[in-house]
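Chemist: To start, I am sharing the structure in question, which I have written as structure tokens.
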Amino acid sequence: MAVAVRRIHSFGARLGAYLPIAIGGSVVIGWMLNVSALLSILPGRVTMKPNTAIAFICAGLALALLTRQSVSPPTRNLAALFSAVVVAIGLVTLLEYILHRNFGIDEILFHDLVQHPYPGRMAHITAISFCLVGTSLLLLSVSERQARIPQLLALLSGSGSLLAVVGYLYGVPLLYGSLQYTSMALHTGAGFLVLSIGILFCRPADGIMAVVSSHFGGGWLARRLLPIALIAPVLLGTVCVYSKFSLNDVRLALACLIVTLVVIFVTLIWLLASALNHAEHRQVSAQEALRESEGRLEQKYRGIFEEAIFGIFQSTPEGRYLSANPAIARMFGYDTPEELIASVQDLAHQVYVDPRRREEFKALIERQGEVRNFEVELYRKDGSTVWVSANARAIVQDGAVVRYEGMNQDITERKLLEGQLVQAQKMEAVGRLAGGVAHDFNNAIGVVVGYSTLLKERIGSDELSLRYTEEIGKAGHRAASLTRQLLAFSRKQIIQPTILNLNTIITEMDKMIHRLIGEDIEVVVNRDPNLARIKADLGQIEQILMNLAVNARDAMPQGGKLIIETANAELDEGNLVQYPHAKPGRYVVLSVSDTGCGMDKETQAHIFEPFFTTKGHQGTGLGLSTVYGIVKQSEGYIWAYSKKGNGTRFKIHFPRVEAAAQPAAALPEDKSLTPRGTETVLLVEDDESMRQLTRRCLAAHGYRVLDVQNGEAAIRTASQHDGPVHLLLTDVVMPGISGRHLAESLAVSRPEMRCLYMSGYTADLIAKHGVLEPHVELIEKPFTQDALLRQLRKILDRSNRATVAAAGVGSSV
């Protein structure tokens, strides 16, 4: 239908262009050949003048150029030139009428034998019409979008020409001319009518013609009623005029009535069509807006579905996916949702690690209508597993569940972190227990070691008794070694950190490691030549290397390869995903790997726990727990990577420090006899056995001992004692007043008194993380008699030298 309308418009525009050209051309030929039939359609009527014919030809050419399929700028300029000629002809003629002058424009080409008393051979109504038509064509030429004003000008010209034609039909000369002025020829009026219609159809989709050319109902109505409104009244009036009932004196009124009716009918039809078009346009716009809104909404929710970071699905109770988004496909390792839907036919046995959990899911959702935060472990396409948290609801139709709809969130990382947190909490609890046990155990071990030493001194030459005593002492020392390992795990061991280079330590321990692991294991060492420094206790680092080497040796009974590596590393937010609980920063990495039997996940979960061992009765289960405690006490991190049958790798990250390495200062061992003294010692120990043992050791070597059970008694004894108290020997952890607070209290009244602390661990001391402060003197439990006496003598001698120096005396005590 739209194509037919366009064809009608195109035909009307071309007819309006070519017919005026034909009319004007025939009139020019008539003037050239003096053929009166071509000059006037009706014999004896007004002829069309040459300037009128030329104006019609120019107007037709301008319209023809404007109605071409493609109008180029030169074509548009030529059409504007023709339009300007039309306007000029009309204006010059009007000037002749206004100025009462004869410019002879109508006789430029041909001489008119019929002279009129008044100058100007073109009718004044014709000149006005040419001004209107020419201006309309000129506006169409200079602007590609101009339509409304040219169409209104064309309608005015068409209305004037319609009056002239109706005047000829009804025999009313007043409508096409006057007694004084030249009248409009009949074919001039017809030419203007056709030309006006052509201008209207030149741009029918714009301006006032848009109502007629619209594809809405108003356009359809206008296209059918307007021709009737134009033609029917004229024809009816013609019938009335030329019938026997007509009177000549009413012809003018009838003609005016008919033209008025035409105008009214056309206006009403146009208004009606415009209203219909507007209403239908609003309806169509509303429908299009609704469709567009629905489309945008669908696109929006489709985008949410496709781009969601959570997996969205629809599944049947039988276990098949009906729909899935890309996120859930990626979650399960599939390339596309279509592949997931096609591959999974039974969720319970293909996806669920434990099929019984599928039955739990179905029971919950059917009983409650929905499930929230249902955590379950599922298989991926490659056989690996993923933990998801499912939220879903049941869709019920006719009382039966037809499908499930919901979302899956990948919580694998959260599960991993939860497991690591539980493991860390368990290790911390075990560490606290180990530290507490070690603290109390140290007193008992100290008593065993101390009394075995005293007994050994009294036995004399009885070899059997001497051997028994030595075995008691050895057992006590082994127990003390186990206690130190427990303290290392619980991070309560006393350490003396220095600036170290791991490469240097590994080089110095190379021979020892070779002897330790045997000849059937190849040792490969890869050192980073630009390795940074760390701050740690030298003995603890050596203990880490030895424990890991022994562990690797035991994992390779048939031989293999031990690889020790050092490197610099930096942990940032990106790789902290691999190392949870670690802090961002710069680290030095110590890596110890073996090609042994490896460990499964169950074993890896317990390797750092004290007393956990895979070696049966051959192992104590304290090797890796000691390593763990040392690393944590050095503010580092340790991770184990292992797979059954593929060896094990331990990676330790120590915080990097910017300082030069310090050489390890080894104290020369004093080989002299056990020192004696005569000073007064205030002994404070809450354990009765340990206090009696220590008092006997000190008294046996010349010291005067004031022994008490707690801090309150110590303060009371010190205040009542008249003589000097040279040294306070006190336990750190005691009921009531602690050893540290006791020392601070007595320092006020006895500032010259020195202090030596005794403790199984230093958590309650001033030390931070087990690091002893430089001015604090402490002896670790369990200790030997010789170690106690030497430490005591060293403190007292240093105090005596300081006193003598302050007094200005050069001799020593």
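Chemist: Among the listed pairs LYS583/LYS643; LYS362/LYS601; LYS511/LYS643; LYS561/LYS632; LYS561/LYS644, which are separated by more than 20 Å between their Cα atoms?
Modeler: Correct reply: LYS583/LYS643; LYS362/LYS601; LYS511/LYS643; LYS561/LYS632.
Chemist: Also, I was wondering about something else. Within 10 Å, count the other beta carbons around each residue, average over each peptide in 727-734, 712-719, and list them highest first.
Modeler: Averaged packing, sorted descending, gives the order 727-734, 712-719.
Chemist: Further question: Can you list the residues, at least 5 places off or on another chain, whose amide H is less than 5 Å from the amide H of ARG533, using H built in the peptide plane?
Modeler: The answer is VAL657, ALA659.
Chemist: Additional query: Provide the net charge surrounding SER343, with neighbours chosen by a C-beta distance below 15 Å and charges set as Lys +1, Arg +1, Asp -1, Glu -1.
Modeler: -1
Chemist: Apply the Karplus parameterisation 6.51 cos²θ - 1.76 cosθ + 1.60, with θ equal to phi minus 60°, to every residue of the range 375-389 and state each ³J(HN,Hα) to the nearest whole Hz, in sequence, with x for glycine and proline.
Modeler: 8, 8, 9, 10, 8, 8, 4, 7, x, 6, 10, 9, 8, 10, 10
Chemist: OK, next. Per 0.36 nm of contour for each residue apart, how much would the distance between ARG798 and GLU377 grow if the chain were fully extended, relative to their Cα-Cα spacing?
Modeler: Difference between extended and current length: 144.8 nm.
Chemist: In addition: Whenever you get a sec, line up TYR321, TYR18, TYR379 from highest to lowest accessible area (probe 1.4 Å, protein heavy atoms). Don't skip to the end; give the middle numbers.
Modeler: Numbers: TYR321 15, TYR18 130, TYR379 85 Å².
From most exposed to least exposed: TYR18, TYR379, TYR321.
Chemist: Something else about it: Taking square-rooted eigenvalues a ≥ b ≥ c of the alpha carbon gyration tensor, is the range 141-208 rounded, prolate or oblate, where a/c under 1.5 means rounded and, failing that, a/b exceeding b/c means prolate?
Modeler: Prolate shape, in that a/c is at least 1.5 and a/b is the bigger ratio.
Chemist: What list of ³J(HN,Hα) couplings, whole Hz, do you get for the range 733-738 from phi and the Karplus terms 6.51, -1.76, 1.60, once you set θ to phi - 60° and write x for glycine and proline?
Modeler: 9, 9, x, x, 6, 6
Chemist: While we're here: What do you reckon, how do HIS653, HIS721 stack up by accessible area (1.4 Å probe), largest on top?
Modeler: Numbers: HIS653 5, HIS721 30 Å².
Listed by decreasing accessible area, they come as HIS721, HIS653.
Chemist: Which order do the peptides 137-147, 628-638 come out in when sorted by mean C-beta neighbours inside 10 angstrom, highest first?
Modeler: 628-638, 137-147
Chemist: Need one value: the accessible area of MET407 in square angstrom, 1.4 angstrom probe, rounded to the nearest 10.
Modeler: Here the residue's solvent-accessible area equals roughly 80 Å².
Chemist: For GLN69 and GLU744 in the same chain, what is the full-extension length gain: residue separation times 0.36 nm, less their Cα-Cα distance, in nm?
Modeler: Here the segment from GLN69 to GLU744 would lengthen by 232.1 nm.
Chemist: Once the whole set of protein chains is in place, how much accessible area is left on LYS794, using a 1.4 Å probe, in Å² to the nearest 10?
Modeler: 100 Å²
Chemist: Give me the distance between the Cα centres of the range 361-404 and the range 505-541, rounded to whole Å.
Modeler: Comparing the Cα centres of the range 361-404 and the range 505-541, I get a distance of 54 Å.
Chemist: Show me the ranking of peptides 444-450, 266-272, 524-530 by mean Cβ neighbours inside 10 Å, starting with the highest.
Modeler: Most protected by this proxy first, the peptides run 444-450, 266-272, 524-530.
Chemist: A follow-up question, please. Would you please give the residues with an amide H less than 5 Å from that of MET734, counting only those at least 5 places away or on a separate chain, with H modeled from the backbone geometry?
Modeler: GLY739
Chemist: Whose amide H sits under 5 Å from the amide H of LEU683, counting only residues 5 or more places off or on another chain, with H placed in the peptide plane?
Modeler: LEU706, ASP707, VAL708, LEU729
Chemist: Evaluate E = 1/(1 + (r/R0)^6) for ILE309 and ALA286, where r is the Cβ-Cβ distance and R0 equals 30 Å; express this FRET efficiency to the nearest 0.05.
Modeler: Efficiency, rounded to the nearest 0.05: 0.25.
Chemist: What are the ³J(HN,Hα) values, in whole Hz, obtained from phi via the Karplus relation 6.51 cos²θ - 1.76 cosθ + 1.60 with θ = phi - 60°, for each residue of the range 513-528 in sequence order, with x given for Gly and Pro?
Modeler: 5, 4, 5, 6, 9, x, 7, 7, 10, 7, 9, 10, 10, 10, 9, 7
Chemist: Here is a follow-up. On the accessible surface of the range 362-415, probed at 1.4 Å, how many percent belong to carbon and sulfur atoms?
Modeler: It is 42 percent, rounded to a whole number.
Chemist: Another question about this same structure. What is the percent carbon and sulfur in the accessible area of the range 165-214, measuring with a 1.4 Å probe over the protein chains and ignoring ligands?
Modeler: Of all accessible area on the range 165-214, carbon and sulfur atoms account for 69 percent.
The values are calculated or read from the model by the stated rules, or taken from the named source; none is laboratory data. Bear in mind that the values here come from a model prediction, so they are computed numbers and not experimental data. Backbone-built Cβ (ideal geometry, glycine too); neighbour counts: all protein chains shown. For the accessible areas, the whole protein counts, side chains as well, though only heavy atoms, and no ligand, DNA or RNA atoms are used. Shrake-Rupley method; radii C 1.70, N 1.55, O 1.52, S 1.80 Å.
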